[in-house]
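This report concerns only the one structure given below.
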Amino acid sequence: MPISSAAELSLPAAGTYEIDPAASSVRFDTRALGLLRVRGTFTIAQGRITVAETSEASSVDVEVEAASFASGIPRRDNHVRSSDFLDVERHPTIHFRSRGLEQSAQGASLHGELTVCGVTQPVVVTIGSVVGEGERITVGGTASIDRYAFGVKKARGMAARRLKITLDIVADR
């Protein structure tokens, strides 16, 4: 059921759910040159959602393939995968591990740590929806990532500092 801003998060059945990479998506939205919208995707390599009896004890651990960066323009994609940006040869994965789920009158937020290019920083994912259907759960969320915080500072002024990340995650028990 979608989370309403004033309601408590309704968790699916307790247990461990494996993320289905083929059914899940990690999308980004940013700007180039301050004007041009750049959209694309990353591919999830693997991940797990553990739903506990209380939302605060639930956790998420997910690994994204850095080389899967795709914006639809091969030249740009190859440049972003290079040592100028994601350096996928040295850092093949992007990793997120939650530290806690917080609920408030405004909704639910998943607090965790994101590791990009070997740098780990705190990140908050705003949970927009959680739907449990038998042995399957679907979770939607968003986050804002400051690439400079992870040492990805190439092309200042050409490529935006922040990326909006939209997650649509499907996991099965």
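The values are calculated or read from the model by the stated rules, or taken from the named source; none is laboratory data. All values reported here derive from a predicted model rather than from experimental measurement. All Cβ positions, even for glycine, are placed from backbone atoms using ideal geometry, and neighbour counts span all protein chains on display. Heavy atoms of the whole protein, side chains included, go into the accessibility calculation; ligands, DNA and RNA do not. Shrake-Rupley method; radii C 1.70, N 1.55, O 1.52, S 1.80 Å.
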Volume of the Cα convex hull of the stretch 33-173, divided per residue and given in Å³: 120
Which net charge results when you count Lys and Arg as +1 and Asp and Glu as -1 among the other residues whose beta-carbon is under 14 Å from that of GLU18? -2
Among trypsin sites (Lys or Arg not before Pro) in the stretch 29-91, those in a DSSP loop whose Cβ has at most 15 other Cβ atoms within 10 Å are ARG90
Taking only protein heavy atoms and a 1.4 Å probe, what accessible area per residue, in Å², does the stretch 1-112 have with all protein chains in place? 56
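When the accessible area of the chain is computed with all protein chains present and a 1.4 Å probe, what percentage of it is carbon and sulfur?
Answer for the chain is 52 percent, counting heavy atoms of protein chains only.
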Report the local net charge at ALA67: Lys and Arg +1, Asp and Glu -1, summed over other residues whose C-beta lies under 15 Å from its C-beta. -3
Loop GluC sites (Glu not before Pro), the stretch 109-152, which have at most 14 other Cβ atoms in a 10 Å radius of their Cβ (DSSP): GLU135
Hey, what did the stretch 55-173 get for relative contact order, percent, Cα under 8 Å, at least 6 apart? 19
